[in-house]
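The values are calculated or read from the model by the stated rules, or taken from the named source; none is laboratory data. Just so we're clear, the structure is a prediction, and the values are computed from it rather than from any experiment. Here the Cβ is made from the backbone with ideal geometry for all residues, glycine too, and neighbour counts use every protein chain on show.
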Amino acid sequence: MRNRTLNGKRAGANVKKKRRKVPKAESRARDARRTRARNAERRRKASVSDRIVERLLAPFADMFGVMTWMNVVALVTGVLLCFGSRTVSSALRILDGAHDSGFSRFHRLLAYTNWSELGAARRLLGILVTKFAPDGDLVCAADDTTERRKGPNIRAKGVFRDAVRSSRGRVAVTPGLRWLTIQMLVRPSFSSRVWGLPILTMHCPSDPSKPARQADMKAKAEARGKAIAEAVRRGSTAADAAVEVKREARKATLAAKAKAKAEEKAGGEVLKVKEQNGRPHRTLPQRTVLAMLLVARWMRGRTIVMVGDGSFACKELFKALAPKVVCVARCRMDVRLFGEAPPKTGKAGRPAKKGERQVMLGERLKSKDEKWTKAVVPGWNRADGKPMEVEYLTGTAIWSGQGGSLPVRWVLSRVVGEKRQPSAFLCTGANRDAEQILGWYAMRWAVEVTFQEARRHLGVETQRQWSDLAIRRATPCLFGFFSLVVLWASNLTDTIDPGTGKKTEIPVLASAWYRKREPTFSDCLAAVRRGIWSEERANPILWRLDCVTWREKARNIRNSTPFEQRTAENLACAA
């Protein structure tokens, strides 16, 4: 009777059991697994096609539903076939979809449909690693590029330095979007040069507080100038003048803050430190750390090497990635390098973390006592990618300054007989060879080629999306198509031609005035287009039976346009 209450019921009988609270991350992962399994089961029951684009996108099939998957294949086919601007309308027009009343479903793929960009990047990385780099060091290059975009509806745009139009003596800026791209540096079987294949592209917005900080700095400078002029006019001492200048600068700062609060109360546009999603602003090196840690997490057990230019020679970046990634970047000649810390003496106090400061790299160039080592570095000549003889100095040091200390290997290189500026590099792998470091950096030039080819042949900077989600997805998809086209071309060269019994070769688009010795990206894209056009001639992708539309009547209004007429219309509308 001890466990019963006065009503005769067992104690705790009406108490409901508490359900375990599932964390958001675990819940999202569980839902994603269920969705992928459901999509895979539906796709097994659906008809299987042998089209080029479907085989190319097969690893990403379970990320979409069955009906959405058909629209994805059709849209990617149109993007690869069309030329000029890469808009959804252009892709549909070249696929004979100008009279499709259900065109909005293709726009929703970028603006509304729920699919993971990081999941697609992870699968793309796995495919490329299996094909091009199954073992050894995985060399990746990190670089940023600016997509020139204008318009009041693009809220994520900013003003950035234009690397194409800028020079050593003149800095040009342009409004647009800045993208951080991680590219895998590989050498395909059909080419003798290094290619940069994008695997992860991340949007890097500008700092919303930068204009406010610039206005604050300008107000401080004006206040200091007026205070100095007033101190000189009155004949004040140096100490009194310094106090007066500091006081006036403080007044200018308080006035700027009061003006910002007044604008906020009035409902005007206020530049806040945080982004629109409520998260603090991340700089380019901070986003690079996030991207490279993702790559290292996806490729556990592999040695990852990150190569970057001077923008990535940041101590915080090197220190954050040092445990998992080998970082190589070009640095300044006056970088602060120190010797190893002396042994502990047993005296009271904090032990030293660094030794005496080493000679600056710029001074080593002027010294005649240094013994330079000669080496032939493949791909050092950017004009033709051929090997070049380089002289270098190398050593180990402690890179110290604000933000802590880090052991690195420095390499100082120069080209004898060439009018080139000497270069200095830092590497977190202190046990790495100097020639290997120079070879890694020489591979980085393929990144610039990828940017140029993506703009010229894939229409980067020609998109016209206004939705924030569509803007964030369109450019990474175009860079990903670059990698998929090169992957398809490499798979094609590994097959045997039944007519000749030899490996299939990619046709090179040469002419009497320009001869190419090996295929470029334009040749790879042309080979993909030949296969797609042959499929379009036999069975247009938007007129296939398993590609549904919102209204069946839209397909029954008229038959598909004859292939010859489609070709003539596409050529006539090319301009």
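Structural remarks
- The stretch 358-374 residues that are over 22 Å from ILE398 (Cα atoms), paired with ones that are surrounded by 12 or more Cβ atoms within 10 Å (Cβ to Cβ) and of a type outside the set (D, E, K, R) (beta carbon under 6 Å, 6 or more apart): THR373/TYR392
- On inspection, VAL359 qualifies as loosely packed, with under 14 Cβ neighbours inside 10 Å, farther than 27 Å from SER192 by Cα and of a type in the set (Val, Ile, Thr).
- Residue satisfying condition, being modelled with pLDDT of 90 or more and assigned by TED's automatic domain parsing to the domain that holds CYS82, within set VAL548, VAL528, VAL485: VAL528
- Checking each residue in the stretch 158-190 for being surrounded by 20 or more Cβ atoms within 10 Å (Cβ to Cβ) and either of a type in the set (S, T, N, Q) or without any contact (Cβ under 8 Å) to a residue 24 or more places away in the chain (or both) picks out THR181, GLN183.
- Residue ID - modelled with the lowest pLDDT, chosen from residues in the stretch 558-575 that are loosely packed, with under 10 Cβ neighbours inside 10 Å and under 14 Å from GLY97 (Cα atoms): ARG558
- Answer residue from the stretch 376-416, given it is in contact with a helix residue (DSSP H, G or I) (Cβ under 7 Å, 6 or more places away or on another chain) and surrounded by fewer than 18 Cβ atoms within 10 Å (Cβ to Cβ) and is modelled with the lowest pLDDT among those: GLY403
- Any hit, the stretch 68-87, residues being surrounded by 16 or more Cβ atoms within 10 Å (Cβ to Cβ), within 27 Å of the chain's Cα centre (by Cα) and more than 29 Å from ALA568 (Cα to Cα): yes
- Condition check for GLY78: in contact with a helix residue (DSSP H, G or I) (Cβ under 7 Å, 6 or more places away or on another chain) and not in a loop (DSSP other than H, G, I, E, B): yes
- Scanning the stretch 463-482 for residues that are within 19 Å of ILE154 (Cβ to Cβ), assigned to a helix (DSSP H, G or I) and of a type outside the set (A, V, I, L, M, F, W, C) gives ASP468, ARG472, ARG473, THR475, PRO476.
- Taken together, the criteria place VAL171 among residues that are assigned to a loop (DSSP other than H, G, I, E, B), over 22 Å from the mean Cα position of the chain (by Cα) and among the aliphatic types (A, V, I, L, M).
- In the set VAL460, VAL485, only one residue is buried (at least 19 other Cβ atoms within 10 Å of the Cβ), assigned to a loop (DSSP other than H, G, I, E, B) and within 28 Å of the chain's Cα centre (by Cα); that residue is VAL460.
- Pick from the stretch 497-545, criterion in a helix (DSSP H, G or I) and β-branched (Val, Ile, Thr), ranking: nearest to the chain's Cα centre (by Cα): VAL528
- When the stretch 352-404 is filtered for residues that are part of a loop (DSSP other than H, G, I, E, B), among the small types (Gly, Ala, Ser) and under 35 Å from the mean Cα position of the chain (by Cα), the ones remaining, listed by number, are GLY379, ALA383, GLY385, GLY403.
- Scanning the stretch 274-326 for residues that are part of a loop (DSSP other than H, G, I, E, B), loosely packed, with under 15 Cβ neighbours inside 10 Å and of a type outside the set (D, E, K, R) returns GLN276, ASN277, GLY278, THR283, GLY301, THR303, PRO323.
- Qualifying residue in the stretch 78-88 (condition: modelled with pLDDT under 90 and closer than 24 Å to ILE199 by Cβ): yes
- Counted residues, the stretch 83-113 - those being free of Cβ contacts under 8 Å to residues at least 24 places away in the same chain, part of a loop (DSSP other than H, G, I, E, B) and either within 16 Å of LEU478 (Cα to Cα) or not assigned by TED's automatic domain parsing to the domain that holds MET70 (or both): 0
- Exactly one residue among GLU391, GLU453 is under 27 Å from ARG148 (Cα atoms) and touching a Ser or Thr at 6+ places or on another chain (Cβ under 9 Å), and that residue is GLU453.
- So ASP334, is it closer than 28 Å to MET292 by Cβ and at pLDDT 85 or above: yes
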